[in-house]
Amino acid sequence: MQHDYLLYAAAAVLTISMAATIPAVRTITHGSWAQSAGHIDGKYRDRDGEATPESISAFSTRWQKLLVLFCAFAGLGCQIAFTVILNAPPARDQLKHLLLPNWLVTASWGLLDVQAIAIGANRNFVGAFQQGVYLSVSTLAVTILLLAQLNVTSTWQTAGKVALTLCAASTLAASILTLASLSLPRRPDVFLNGRLVDRMFTVNANTRLTFGWATNLMSLATKKGDLDMADLPRLSHRLRPDEQSAEWESKRPSANESVFKTLLKIYGWPLSKQWITTMTNTSVSYLPWWITLQLLQALEARKPGEPVEPRLWLFVAWLGMARITNALLDNWLFWNMVSELYVPVRSQLAAVIFQKAMRRKNVKAAGKARNDDKTSEQVTSSEVDGADGDTTGQKSRQAVINLIGVDANRVSEFSLFQYMFPTSILQFVISMWFLIYLLGWVPLTLGILSISLTIPINSIFAKMMFKTNEKLMKIRDEKLELVNEALQGIRQIKFSALESQWENRILRLRQRELATLWEYFRYNIILDSCWNSGPILLALTSLGSYAWIHGNLTASVAFVSIGVLSTLDFAISAMPALIRHGIDCWVSLNRIQKYMDGPELSPARTNTERADISFQDACLAWPVDDQDKPTEDSADRFALRDVTFSFPPGELSVISGNTGSGKSLMLAAIIGEADILSGSVTIPAPPTLNERYDDRANPESWILPSSIAYVGQLPWIENATLRDNVLFGMPFDKDRYEQTLAACALTKDLETLVDGDKTELGVNGVNLSGGQKWRVTVARAVYSRAGILVMDDIFSAVDAHVSRHILENCLAGSLCKGRTRILVTHHVTLVEKHARFIIELADGTVRCSGLTEDLRKQRVLERIESFEQHGLNEGAADSEPEEEPSGIPLKKQSSRVPQKFVEDEAREKGSVKGHIYATYLKDSGGWTYWCLLMGFYLLFQAAQIAQPWVVRLWTGGAEESSLTMFQAARTQSELPYTSQQGFLSRGQYRQNTSSQELGGQEGREVRFWLPIYAAVCLAGVLSGTARYIMTFRASYRASKIMFEKILFAVLRTPLRWTDTVPVGRILNRFTADFNVIDNDLAQMGEWFLSTGLQAVGICAASLFVSPLIAPLAALCLGWCAWLGMVYLTAARPAKRLESTSKSPIFDFFGSALTGLTTIRAFDRTTPYIQAMHAKIEEYSMCSMNLSLFNRWIGWNMSVAGIAFTITVTVFVLLQAGIDAALAGFVLSFTMRFSNTVLITVRAYAELELEMNAVERVVEYSEIETEDFGGEKPPAAWPTQGRLEVNKLVVAYAPHLSPVLKDVSFQINPAERIGVVGRTGAGKSSLTLALFRFLEARSGSIYVDGLNIAKIPLSDLRSRLAIIPQQDPVLFSGTVRTNLDSFDDHTEAELNDALHRVHLVSEDNSMSSSATVSDNGPSSPTSIISNSEPTATNPTAAGGPTTTKNVNIFQDLSSPISEGGHNLSQGQRQLLCLARAIVSRPKIMVLDEATSAVDMATDTLIQRSIREEFKASTLIVIAHRLSTIADFDRILVLSGGAVVEFGTPLDLWKKEDGIFRSMCEESGEKAKLKTMILGEGLSGVNE
């Protein structure tokens, strides 16, 4: 009955073949070969893309099908002939047991032929491929059965050589048929938008199984020496973010469903497949140890000179098959983890988080003030561990970006490694069974007990490490926010010469981080030492107790046990790390869940078919999270109450009011960005994106009456060309475009821009003036198809004559005729002639509203105008400005490629340069330190080799007794030796042999060798711990020094560099790259050195078998080195592309969050989501291809290593004189060869790829910095404030033309100088030159007799002060920290400064303990008109309210949010002005510092400036000429040159002068004349 298994196997093979034949029969009977899904009329398309005619013509399966048919019929013929011979006498009588199995095999061959015919007839690409896979399964089963039949020796003794030949031919045909059936390509190459799609689902199954589709891309990388993003193929449809987002929505029917549950729904099958694969792979991974056991037992039993038994060669073949299967499963396990879990989860979470951000409420909250100036010792654990970072962090823009950069990555990384849970459990079960058989219960139990002693240590330090890691992550979040804030406010930092203070502030936080990092390293070292000592302690105790009990230790037991024990230890020790990663993943999931559950923009506003916009008893407030939402009457939330009126459709409506009165809040309510606490807001129903048909728009159908366009309080500019910013996704209409530019006074600006309207604008328009930015955003709204234009104060940053031009030609011109225009402005007098409806806000209510004519009749309009500095002269208002001709064609630009303002991120090519390695080695300790470190690595590796060598010497003494044991076992059995019999013999030997029978010699050997083995193990643990300590110390030192260098460089780089480099790109260095340098680089270096030395040790150990191994080892290493070079050539640029493709995601996300209100108002969320998807896909493409390269090298290295292992094994068997101990020693190393060499190459590759982080950090550490050297000025300098400019010539860059040309003038001490000029005249350039942000090409600037070019920059900038209009910078914290960042002034001085700028007033009746307002712009309401706040129009709303809004400036501890976004633009300007007043410099420059405040407040502030700075020299760049009309002198610039300089009266008398013409065009001619000539001066103008 021993051959019955053949019958059962043949029946199973026939069943498999029948199942695989069903699709083939269906294909033949239904004629489905004539149709192909996606293959129609000579074309092929599927969800991945579409094939081109070229790819279809290149696609062919002819030779593969012919080979399949030939092998199928040849194999069937051979099998029939073989069966006929078996059925002929005399074989029929002697081989009855093989007749039925062979007939079943013959039937299986017939079914294989049916499948082959179906493949040959099938014209369906994908169908033929699938049937080929089914056929391969059948043929593989047939091949294994035929091989088993060949193993039956009695067959050949009876059937003869002819039967043997026919059976071997049938087996060979089946084997070739297996490969041929897998060689059918699946489809032709498909393309998406002209770009090749990933070929994984294109190539044949053989190529797919061996990752061969990577070769084309790797060949291209070898040929080019680099890879570009355009070289990478597009992803298959299932990995594209747009389809992933759609899948997320379909699998998450409820918005309240947990993110975890949704992920399980989507990835349930990939997870199941991963667990099945890993459990199969784990089971297969033990087969090599079992085969090794059989080989060693056979060697122990072999007598000297005895030939090798034939069955051992079968074991060698099984060893090769097991290793190949293990390598295949292992590589595909990792590939599926990346392609089906890691990358999809990461990209899907990033996509849905971004989509949520596009829908979520735009909450501008002020968090708690951060006290990062504390030292490490001053920060308690409660401050770090107890603070709930999510409470305020989720409201931070950077915290939202971190959801993609950190949390989504944590979740995806856990999905990558969670397979180790079932792996560890299964490894534990199998290892226990194996070890119980090898060692018995007692030694194993003692070994488990010994290693259990390390479990409490592991547990304690794992918990401490986990807490430290949490603490480290929180500190890193703080560091990220602080660095981000410094970069966002770098202009203010540089203007105030605060680089050193901010550097120290960041370094103090960095020191806390490093202290925590070193604490983390300490715990890591302890855990690593436990991990290293665990398997040693386990092996020492188990083997020692086994040897003590049984009196000896055989090689088969020792070396196999050590290998299995190491696996068991991994299964035990991996669990704590997995649990830690699981907790991290859960925390991140909760953070994502909290954000996804956040409130979205609710349809609180009622859409209506009416054409007007109306408010009905509405109470409006800035958005807050629902869980934090106060009640309507809460005093800590600014609100507009009792709002009731309607805007007339198709007309210009004006909203006015004092600074912080709620004007922007009203606009936010119109566009849906405010909370409506009560009442309602109704707007016309806007068309959906699908109803707009923008691509079909023409001049007749251009305007969509109910569509909205918005111009925010802060102009938002994309990093794109000027044209793209104006078009904003709309189709290009040349006539409308040119009319828009002319109406917005941009035509002349194009002439000054290098590339006209194709000039690239930097992030937030840093290369535009404040006025230009405003005009571009206005042009965007005007050009749009919106019938409703909602605009904040567009006149605040433009010159007076430009304001008139925009009003007459844009707002009141043909482009806006018939469109509903709602405008916030402080210039009511300027616009009232064209306004149909006017609203005035005050103290959170609508003070009055009504038609302009009605308000004029009731003299309300007169009061509003008088509030604006007693109104503007009517005659001036009626005067016509000098108009620019409309419809002027754009100036023709040169045909050259436009210059890029923001250059693409630099990416190194080739291997990492030696300079980078040298820099890192120097910063980490120098050559002496690293030589000492290498000594410990060599000592550790020597101990690693010495441990099995001691076991080899130990077990070598037991060979004789072992031989006796096996000989006895063989004589006791009449059956051939089998593995089962071997097991039984060893068990019987254990039971029947006692210590006394073995004698005392073995016991003495145990006592001799066990201490030696323990001593060698201890030396390994100590040297391993020492190398860990020294490696982490080197990493710590390098990280500290490199951070200091890059921080110093970035804070002191020229301003133009920070303008042209996106903040996200810089942050990437400070976060992602330093995370690599802090954590990963040291481990990668340790990994490479350890595995490299281990690979050398394996090759050295193999030489003990035969010197002939040396050439083979050299050949194998050479082959691996070549594979490694090919891999590195492709992986290196792929890793760099992955690094550079991350920054655009964060930059784009940050830009979108900044412009979120504008994007949503224009209904452009869908295009932005699509653009984000494209960036996420590029990042995923890099990750996928990098992983593909890893799997390619993994498979090929496995094949090379397996070949080496099999060859060494063959040498072991052929060497007659080799004993089992030496064989065990060699095999224990060579079994690890493929994995070790692979890890060495991967470790080197990872090390070099991680060195990319050092490369990027060094790049920014070595950028050009400003020259801070010079001669120190006197401590009191400047004492007078005298300024002399002599023939100054200045340019923004060496290759650009000068912006200031031969400028000369003198300013006397305490003089007030106004600087005026049209856009582009050089006003802002003059201030940059004064602060030496622009260095003089020639000429000089003297301050109090000192040449500023010879004074250190820090002294120069700290002694002067500037308040830039374009970007009033505030930092997160409190009112106090923004006024006095470093506690240099008293509270009384700070309060006095706030009074001076009228943010608070002496008679303010509000509570002195103001409640912190973190819900949006708040109103100080300190400027209150003397008029009674009653509605003078019958239609006016806004009666008295019971709740007043709190003035947050009365409390210096009131919080300020990131960027000051919980304040209005005017409040931000005033707070910056107060900050300047606190410093009281001798020379102050104001760049229209009060442009965004109301006229009355501006009047009082101008009076305060005159009073406070009587002893200071004031240089004011003004857009309102009335601001500087009574100054001592006026400097007029034009084209970068001084054209006029004199007193206002002298310049007024020049009737053809520029200043005079500007006055006449300003709309304030009468008022300016009064101020200049001194006629009838009022008290305000004194």
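The values are calculated or read from the model by the stated rules, or taken from the named source; none is laboratory data. In this text the structure is predicted, and so the values were computed from the model without any measurement. Glycine also receives a Cβ, built like all others from the backbone with ideal geometry; neighbour counts cover every protein chain displayed. The area values use the complete protein model at the heavy-atom level, side chains included, leaving out ligands, DNA and RNA. Shrake-Rupley method; radii C 1.70, N 1.55, O 1.52, S 1.80 Å.
Enumerate the calculated ³J(HN,Hα) couplings along the stretch 1155-1161 in order (Karplus 6.51 cos²θ - 1.76 cosθ + 1.60, θ = phi - 60°), each rounded to whole Hz, writing x wherever the residue is Gly or Pro.
Result, ordered by residue: x, 4, 4, 5, 4, 6, 4 Hz.
Specify, per residue and in Å³, the volume enclosed by the convex hull of the alpha carbon atoms belonging to the stretch 430-499. Could you put the intermediate results ahead of the total?
On the way: hull volume 9.0 nm³, N = 70.
For the stretch 430-499, the hull spanned by Cα atoms encloses 128 Å³ per residue.
For the stretch 1180-1238 and the stretch 187-239, what is the centre-to-centre distance using only Cα atoms, to the nearest Å?
Taking the Cα centre of each part, the stretch 1180-1238 and the stretch 187-239 sit 28 Å apart.
Beyond 24 Å between alpha-carbons counts as too far, so tell me which of Lys494/Lys1510; Lys1287/Lys1569; Lys1272/Lys1482; Lys833/Lys1567; Lys1482/Lys1550 fall in that bin.
Flagged as over cut-off: Lys494/Lys1510; Lys1287/Lys1569; Lys1482/Lys1550.
Report the full-extension gain for the segment Ile1029 to Ala1121: residue separation times 0.36 nm, less the Cα-Cα distance, to one decimal in nm.
Gain in length upon complete extension: 30.1 nm.
Would you pull out the residues with amide H under 5 Å of Ala842's amide H, same chain only if 5 or more places away, H placed 1.01 Å from N?
Amide H neighbours of Ala842, under 5 Å, 5+ apart: Arg847.
What length, rounded to one decimal in nm, is gained on full extension from Phe1048 through to Ile460, with 0.36 nm per residue of separation minus their alpha-carbon distance? Kindly include the intermediate steps, with their values, before the conclusion.
Details: separation 588, 0.36 × 588 = 211.68 nm, distance 3.95 nm.
Length difference between fully extended and current span is 207.7 nm.
Please state the shape class of the stretch 914-957: rounded when a/c is under 1.5, otherwise prolate if a/b exceeds b/c and oblate if not, all from the C-alpha gyration tensor.
The shape class here is prolate.
Using alpha carbon centroids, what distance separates the stretch 261-332 and the stretch 1520-1576, in Å?
What the calculation gives is 91 Å, centre to centre.
Counting only protein chains, not ligands or nucleic acids, how are Asp695, Asp1526, Asp48 ordered by accessible area (probe 1.4 Å), most first?
Working: Asp695 125, Asp1526 40, Asp48 10 Å².
Descending accessible area places them as Asp695, Asp1526, Asp48.
Might you work out the accessible area of Glu1560 for me, using a 1.4 Å probe with all protein chains in place, and round it to the nearest 10 Å²?
For Glu1560, solvent-accessible area is about 70 Å².
Leaving ligands, DNA and RNA out of it, rank Trp441, Trp531, Trp954 by accessible area with a 1.4 Å probe, largest first.
Largest to smallest exposure gives the sequence Trp441, Trp531, Trp954.
Tabulate in residue order the Karplus-calculated ³J(HN,Hα) for the stretch 270-284, using 6.51 cos²θ - 1.76 cosθ + 1.60 with θ = phi - 60°, rounded to whole Hz; enter x for Gly and Pro.
Using θ = phi - 60°, the values come out as x, 5, 4, 4, 5, 5, 4, 5, 5, 6, 5, 5, 5, 5, 5 Hz.
Rounded to the nearest 10 Å², what accessible area does His550 have for a 1.4 Å probe in the complete protein model?
Roughly 40 Å² of His550 is accessible to a 1.4 Å probe.
Where does each of 256-264, 1031-1039 land if you order them by average Cβ count within 10 Å, highest first?
Top to bottom by mean Cβ count within 10 Å: 1031-1039, 256-264.
In terms of modelled amide H atoms, which long-range or inter-chain residues lie less than 5 Å from the amide H of Tyr44?
For Tyr44, the qualifying residues are Ala51.
Based solely on C-alpha atoms, express the radius of gyration and the Dmax of the stretch 1252-1318 in angstrom.
18.9, 55
Multiply the residue gap between Asp228 and Phe1268 by 0.36 nm, knock off their C-alpha separation, and tell me the result in nm, one decimal place.
Extra length available between Asp228 and Phe1268 comes to 370.5 nm.
Can you put Tyr1127, Tyr1244 in order of accessible area, largest first, using a 1.4 Å probe?
Most to least solvent-accessible, the answer reads Tyr1244, Tyr1127.
Could you pull the accessible area for Met730 with a 1.4 Å probe, rounded to 10 Å²?
20
How far is the Cα center of the stretch 1447-1467 from the Cα center of the stretch 729-784, in Å?
32
Given labels modelled 7 Å from the Cα in the Cβ direction, how far is it in nm from Lys913 to Gln593?
4.9
Under the rule a/c < 1.5 gives rounded, and otherwise a/b versus b/c splits prolate from oblate, where does the stretch 1050-1139 land using the Cα gyration tensor?
Here the stretch 1050-1139 falls in the prolate category.
Of Lys474/Lys1040; Lys356/Lys1045; Lys913/Lys1175, which pairs sit farther than 27 Å apart, going by alpha carbon to alpha carbon? Walk me through the numbers on the way to the answer.
On the way: Lys474/Lys1040 19 Å; Lys356/Lys1045 38 Å; Lys913/Lys1175 29 Å.
Flagged as over cut-off: Lys356/Lys1045; Lys913/Lys1175.
List every residue whose amide H lies under 5 Å from the amide H of Thr1513, counting only residues 5 or more places away in sequence or on a different chain, with H placed 1.01 Å from N in the peptide plane.
When sequence neighbours closer than 5 places are left aside, the close amide H contacts are Ala1310, Ile1483, Met1484.
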